[in-house]
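Input: a single structure, listed below in structure tokens.
The values are calculated or read from the model by the stated rules, or taken from the named source; none is laboratory data. Note that this is a predicted model, so its numbers are computed, not measured. Note that each Cβ is placed from the backbone with ideal geometry, even for glycine, and that neighbours are counted across all protein chains shown. Ligands, DNA and RNA are stripped out before the accessible areas are found, and what is left, the full protein with its side chains, is counted by its heavy atoms. Shrake-Rupley method; radii C 1.70, N 1.55, O 1.52, S 1.80 Å.
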Amino acid sequence: MANDHEPRKHTIAVLVENKFGVLSRVAGLFSARGYNIESLSVGETLDPSVSRMTLVVRGDEFVIEQATKQLHKLIDVIKVTDLTDESHVERELVLIRVNAEPSNRAEILRTADIFRARVVDVTPVSFVLEATGDEGKLEALIELLRPMGIQELVRTGKVVIARGQKTRVRRVEAPRKHRVSDDPKVVGFAD
């Protein structure tokens, strides 16, 4: 077991209401406390009124616990889950523009094949590769392409899904206000 006081990367999934300003409030919560979000990915879920944010934040257990407690207090947050120590599948996408000198083209294509990367654009002087995988796989691909001359690199944030049984989040509706006309003992009163 790792030392709880050692900072490490935590992957946090946050289900939020898909409303204007929610992303800003969540990001502001971390920046106000001086914590950097290393990766952030946001997208709609099956329910278009709910979005899922996947954040990667570095911190010790105390810092992460405090951040999740603060997230729970935000009005538009539905559920917060720290997936760091849970069994999960994670993926990231990277686009890499690499120099395609004639002497390096075959090596670039071999490397892309090994990492199951696809060539998505070709010019006389460069290839653009697309690769998906976990952070380690993408870092290894980047390191192998670096000597050939990476011109540009773009990465998405990490997306994560827990393994095993899917748990469905049910929205909790506000309790309905009791009206006098709903009471079967009261007859003849208007609302």
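Results, tabulated for the structure shown:
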quantity	calculated
Single unsatisfied condition, Ala100 versus (1) under 28 Å from Gly43 (Cα atoms); (2) open to solvent by less than 70 Å² (accessible area, probe 1.4 Å)	(1)
Val57 being in contact with a His (Cβ under 7 Å, 6 or more places away or on another chain), touching a residue at least 24 places away in the same chain (Cβ under 8 Å) and buried (at least 19 other Cβ atoms within 10 Å of the Cβ)	yes
Some residue of the stretch 25-42 being aromatic (Phe, Trp, Tyr), part of a helix (DSSP H, G or I) and either closer than 27 Å to Leu138 by Cβ or in contact with a Phe, Trp or Tyr (Cβ under 8 Å, 6 or more places away or on another chain) (or both)	yes
Residue match in the stretch 14-21 (condition: without any contact (Cβ under 8 Å) to a residue 60 or more places away in the chain, assigned to a helix (DSSP H, G or I), over 24 Å from Glu135 (Cβ atoms) and open to solvent by 20 Å² or more (accessible area, probe 1.4 Å))	no
Single unsatisfied condition, Ser51 versus (1) within 23 Å of Asp134 (Cα to Cα); (2) in contact with a strand residue (DSSP E or B) (Cβ under 6 Å, 6 or more places away or on another chain); (3) surrounded by fewer than 18 Cβ atoms within 10 Å (Cβ to Cβ)	(3)
Restricting the stretch 110-124 to residues that are at pLDDT 95 or above and open to solvent by 80 Å² or more (accessible area, probe 1.4 Å), the residue that is farthest from His88 (Cα to Cα)	Val122
Residue among Arg25, Arg58 that is basic (Lys, Arg) and closer than 19 Å to Glu135 by Cβ	Arg58
Some residue of the stretch 93-112 being in contact with a Ser or Thr (Cβ under 9 Å, 6 or more places away or on another chain), touching a residue at least 40 places away in the same chain (Cβ under 8 Å) and polar (S, T, N, Q)	yes
Residue among Glu92, Glu38 that is open to solvent by less than 70 Å² (accessible area, probe 1.4 Å), among the charged types (D, E, K, R), touching a Lys or Arg at 6+ places or on another chain (Cβ under 7 Å) and under 30 Å from Val119 (Cα atoms)	Glu92
Residue that is modelled with the lowest pLDDT, among those in the stretch 57-109 that are polar (S, T, N, Q) and more than 21 Å from Lys158 (Cα to Cα)	Gln66
Residues being open to solvent by less than 20 Å² (accessible area, probe 1.4 Å) and out of contact with any helix residue (DSSP H, G or I) (no Cβ under 7 Å at 6 or more places or on another chain) - total across the stretch 60-89	2
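The rows are residues; the columns are (1) under 14 Å from Ile75 (Cβ atoms); (2) in contact with a Ser or Thr (Cβ under 7 Å, 6 or more places away or on another chain).
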residue	(1), (2)
His5	no, no
His10	no, yes
Val26	yes, no
Ala32	no, no
